[in-house]
Amino acid sequence: MSKSSFIKGTGITVVTMSALAVAVSAQAQTLNIVSWGGAYSESQQKAYHEPWMKKSGDEIVNIDRSSNALAGLRAQTQAGNVTWDLVDMLPADALIACAEGLIEPIDHDALLAKSPDGTPPSEDFIEGSLDECFIPQIVYSNIVAFNTEMFPEDKQPSTIADVFDVENFPGKRTLMRKPINNLEWALVADGVAPEDVYDVLETEEGIQRAFAKLDTIKDQVIWWEEGAQPPQLLADQEVAFGSAYNGRIFNAMVNEDQPFEIIWDGQVFELDGWVVPAGKLDKVEDYLYYATDTQRLADQAKYISYGPARKSSAEMVSTHAETGIAMKPHMPTYGPNFETAIPKNNEFWADHNDELTQRFDAWLAQ
Amino acid sequence: MSDSPSTPLTTADGVPLKVSLRRAVRQSKLKALLLVAPLLLFLIVAFLMPIGEMLWRSIDNPEVSSSLPRTVVALEQWDGESLPGEPVYAALAEDLKAGQKARSLGLLSSRLNYEMSGMRSAVMGTARRIELIEPPYREALIDINDAWGEIDTWRVIQRESSPYTLSYYLAAVDHQYSPSGDIVAVPDYLQIHGTLFWRTFWMSGVITFLTLLLGYPVAFLLANLPLRHSNLLMILVLLPFWTSLLVRTTTWIAILQSQGVLNDMMVALGVIADEARWQMIHNKTGTIIAMTHILLPFMILPLYSVMKTIPPSYMRAARSLGGRAFLSFRRVYFPLTLPGIAAGGILVFILSIGYYITPALVGGQSGRFITNYIAYHMQTSLNWGLAAAIASILLFVVIVFYLVFNRLVGVDKVKLG
Amino acid sequence: MALPSYATRGERIWHYLFLSLCALIFLFLIGPLLVIIPLSFNAEPYFTFSKAMLQLDPAGYSLRWYEEFFTSPEWLNSIKNSFIVGIASTLLATVLGTIAALGLSSRHMPARGAIMALLISPMIVPLIISAAAMFFFFSKINLAQTYIGVVLAHTALGIPFVVITVTATLSSFDTTLIRAAHSLGANPTRTFFKVILPLVTPGVVSGALFAFITSFDEVVVVLFIAGPEQRTMPIQMWSGIREQISPTILAVATLLVVLSILLLTTLELLRRRNERLRGVTPG
């Protein structure tokens, strides 16, 4: 054996051993990921989970419990048996979970990938979207949509005020059985400027004004509680208008060819993102780094019309994976859609949700 | 038999009979108890302790005293008339600092927010900036959030520093503490639980009455048919009884909804126009129809077992004595069935006020019960103390009716099928 | 309930009116269960009879919803869970309940009424209350979101049924049979297996059936204390109904109606066997 081949030989051994070490440290594991289900989970499955499973050998189990995630985290933490590894959550819930110590604080710059041009995450994510324990994924929007077949062609609704105009736009409406969004829309329909909505709601007169406006359509409203209901009711023509998450309506329009249209006027938008249950950071670190990078967030927008939370991803948004239509005009953050948008004020709702929900329920029960 | 005290009866081995009997009784008592013991133990752990935990939760109030220990001590000296002094503010700053570090302020902020809207952001917002502030704390804290400059805030903190609270019970009956500590009703526009309790009771009353109205003739028929026939018809009563509750609820959705079987039939028959379909579900009507159907067997079975014991000769005797049919029914038969009516009525009523699934699925907005609100506070608002308080009140009502039922009928007389 | 020959015309009318009224009530009881059976064979994803169905056109009917049910991993997994939980809790409830019933039917049982009232209480306390209470307590002792937790909860709910049916059987039990067995030379073990057991078996089995169906049908407690791994069939149905009823749910419902018919038949046969053993013949 010559000297050079001996050196080569050891070199190979060293390489194999270090490959082995890598394989051991990143042993394939099962990740229990909690999300919202439906079209949204599917977009995560395609954009994040499937490529990651291929890459790492991990197995990902989807759990559709995000609507009750805070309760679930509390119960699991109290029981000392946290089975969830990563949770998709709204920032308002994340704020509470963070303050209760249920989820891990995140050092975004240390933990997440830079953008392709080297911008650190703290600058690449939308301004103000990074909370202490929260990693944003998308911007989604609460909108009102309508079934175009229920109105004459020359008289289609276009504003939030139209939703409250039963005379010119007759038909049942379906709205979420919560005060959130409905109070904002009632005020906008009543002439309050989108940027003043929460200032008005801070006052008793403002709340009364919002409820008075809701009173005008109360007997025309079917209240929904599950996100899947409004597209269904619209499709069955049981209602003419329905408030919904914009992605669900997009999904029905594009994948099921439903004759729906979105009223972008007065959309209430906010973020949605990941939180890591306390003690699970080590386990999901690698997945998080991968799933929140620029490419992955841009990929998700091929499947559902939610805007990526990274600026670098927003530029890469292209076409729908199945139908090839351009996605940008369907994004909440698209210029013309965004003109009268209302950023959801999470602090306002953190303070007033309990009381206003009770007031809303009492109003419903009248 | 002579039973003189001087010569007591003895058993074969010479032990006085009395002693021996007493010993035997004691032994079989012990044996009986030992047999029941495993089950009792099991139920204590799996059922009674949970109930106890729930009752405890409805008054448990640890948030303020455990998260703001220094503030609570400092507030002991406070007169409650004007804003507290600097030491109290310093204590609060200290507590918030520690709480922020330990991540234990979330529950506190929720708890205080139940008492006073706005406290969640007051606590959390202040805690986020607590590292930056410097004495004097009073000005610094008020500067961050106005709430710290209001006497009512401090009154709430002082009041809720006690380890137990009645607030959840007050909230469950639409009352609250006023800032000065009196118990007052919440404003009209916030009253919801009273409405729901009341609705639960009157709708359960209607359902009970309807099951009686429908169950009485059927039970009468079953009790007076030859056994061979009545056994066959009994199956028609027992089959729904044995069928999954969700299945029965589903069928009513299929039948009653606006695109459902009944409406389609009515439209096809020309009874109603296509645009004017009946709204029979997702409202009170839906809840009442579905629950009457679901609870009907619980009325029929006790009525039947009472009617079965009334000899038909009674009615015949009344008739032969000249009573007209209706009169003899009212005077003779009906009174004899009263125990059955009481048993079935209380049973249906108890089951009805505790129903959750059916009102949740077919009740819509106007047909939901207080139970739906318990679930709401458990799962959505996460106000577990309030959920526990509402549940405890409902439990109390159920227990009262259960005891009445037990007294009137005896639980061991309950028959199934 | 034959009409006496001396009945007047008015009484006759009244009699037939009464019978038709009863017929209507029976229809109300059983009709809804019968309606969903044909609906579950609907070829269209609708909730009502299509034209083709009404014309008895075979094209209007299909097994697609059954196929969807039997090929869906979620539904199949939920059935598996339902059987695991149902069988485990039935076994536990039956053993504990039967032993306790033996004690309860002893003449010397102290505080019988109070204990009985306690044992029956899981049946009376509204499920939502039990569910909330168990959620609080079980999460405290690390039993929430586990199979054991769900099984223990369902055992508690099934126990009243076992206790009621077995004590009812024992109360009609002729104790002289035991003495007869003793006097004929049988030892207690032999007496238990040869005399007591055959006579109480029907009661125990019907109690077990009740306990099983209670667990198999239970939604509320599972909704509160189970984790995603313990998703049972009722939970699967519940979320289906809440979001949007697909005809698959009607297929499941039909299968469950068939299951309840089977259980009811079993119970009826047991009852008859029981009566025969006691020498009581149905009239």
Only four residue types carry charge here, +1 at the Cβ of Lys and Arg and -1 at the Cβ of Asp and Glu. Report the dipole size of chain B about the Cα centre in Debye, rounded to the nearest 20. 3140
Counting each DSSP H run of 4 or more residues in the protein assembly as shown as -39500 (n - 2.57), what helix-only mean residue ellipticity at 222 nm follows after dividing by all residues, to the nearest 500 deg cm²/dmol? -19000 deg cm²/dmol
GNM result for chain A, Cα springs below 10 Å: residue of A:Glu104, A:Glu205, A:Glu261 fluctuating most strongly: A:Glu205
Compactness of the protein assembly as shown - radius of gyration and Dmax, Cα, Å: 33.4, 129
Give me C:Val200, B:Val409, B:Val123 ranked fewest to most by other Cβ atoms within 10 Å of their Cβ, as a rough exposure proxy. B:Val409, C:Val200, B:Val123
In the protein assembly as shown, what % of DSSP beta bridges are antiparallel (nearest 5)? 65
Can you pull a Stokes-Einstein diffusion coefficient for region B:280-415 at 4 °C (1.567 mPa s), Rh from Kirkwood over Cα pairs, as a whole number of µm²/s? 74
Out of every Cα pair in region B:177-298, what percent are spaced more than 18 Å from each other? 68
Summarise the partner chain shielding of B:325-331 as one whole number: the mean count of Cβ atoms from other chains within 10 Å of each residue's Cβ. 1
Ranked output for segments C:142-150, C:191-199 by mean other Cβ atoms within 10 Å, highest leading, reads C:142-150, C:191-199
Relative to the first principal axis of the alpha-carbon coordinates of chain B, what is the inclination of helix B:245-256, with its axis defined by its Cα atoms, in degrees from 0 to 90 and to the nearest 10? 90
If you count, for every residue in C:234-242, the Cβ atoms of partner chains within 10 Å of its Cβ, what is the mean? 4
Please say if region B:63-165 is rounded, prolate or oblate, where rounded means a/c under 1.5 for a ≥ b ≥ c the square roots of the C-alpha gyration tensor eigenvalues, and otherwise the choice is prolate for a/b larger than b/c and oblate otherwise? rounded
Helix hunt in chain C: which complete DSSP H runs extend at least 15 Å axially by C-alpha with mean Kyte-Doolittle at least 0.0? C:9-39, C:73-104, C:112-124, C:127-140, C:147-171, C:197-217, C:247-277
Going by a ≥ b ≥ c, the root eigenvalues of the Cα gyration tensor, does region A:265-310 fall in the rounded group (a/c under 1.5), the prolate group (a/b larger than b/c) or the oblate group? oblate
Just A:Ile103, A:Ile138, A:Ile126 to compare: in a GNM of chain A, with alpha carbon springs under 10 Å, which one fluctuates most? A:Ile126
One would report the antiparallel percent of DSSP beta bridges in chain A, rounded to the nearest 5, as 60
Rank B:Gly270, B:Gly14, B:Val88 by how far each Cα sits towards the positive end of the charge dipole of chain B (+1 on Lys, Arg Cβ; -1 on Asp, Glu Cβ) and give me just the farthest. B:Gly14
Rounded, prolate or oblate: pick one for chain B, where a ≥ b ≥ c are the square roots of the eigenvalues of its C-alpha gyration tensor, a/c under 1.5 means rounded, and failing that, prolate if a/b is larger than b/c, else oblate. oblate
For C:His182, A:His330, order by how many other beta-carbon atoms lie within 10 Å, fewest first: C:His182, A:His330
In degrees from 0 to 90, rounded to the nearest 10, what is the angle of the helix B:105-115 Cα long axis to the longest principal axis of chain B? 70
Going through region C:39-135, which trypsin sites (Lys or Arg not before Pro) have at most 10 other Cβ atoms within 10 Å and a DSSP loop state? C:Arg107
Protection proxy (average C-beta count within 10 Å per residue), highest first, orders A:294-300, C:21-27, B:34-40 as A:294-300, B:34-40, C:21-27
Highest GNM mean-square fluctuation among A:Ala244, A:Ala212, A:Ala92, for chain A with Cα springs under 10 Å, belongs to A:Ala212
Number of partner chain Cβ atoms within 10 Å, mean per residue of C:86-98: 1
Given contacts defined as C-alpha pairs under 8 Å and at least six residues apart, what's the relative contact order of chain C, whole-number percent? 27
So what's the angle, to the nearest 10 degrees on a 0 to 90 scale, between helix B:227-242 and the longest Cα principal axis of chain B? 10
Qualifying trypsin sites (Lys or Arg not before Pro) for region B:281-336 [loop in DSSP, other Cβ within 10 Å: at most 11]: B:Arg324
Could you sort the peptides A:213-221, A:39-47 by per-residue average Cβ neighbour count (10 Å cutoff), highest mean leading? A:39-47, A:213-221
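None of the figures in this text is laboratory data; all of them are computed from the coordinates on show. This is a predicted model, so every value here is computed, not measured. Don't worry about glycine lacking a Cβ; one is built from the backbone with ideal geometry, like all the others, and counts go over all protein chains shown.
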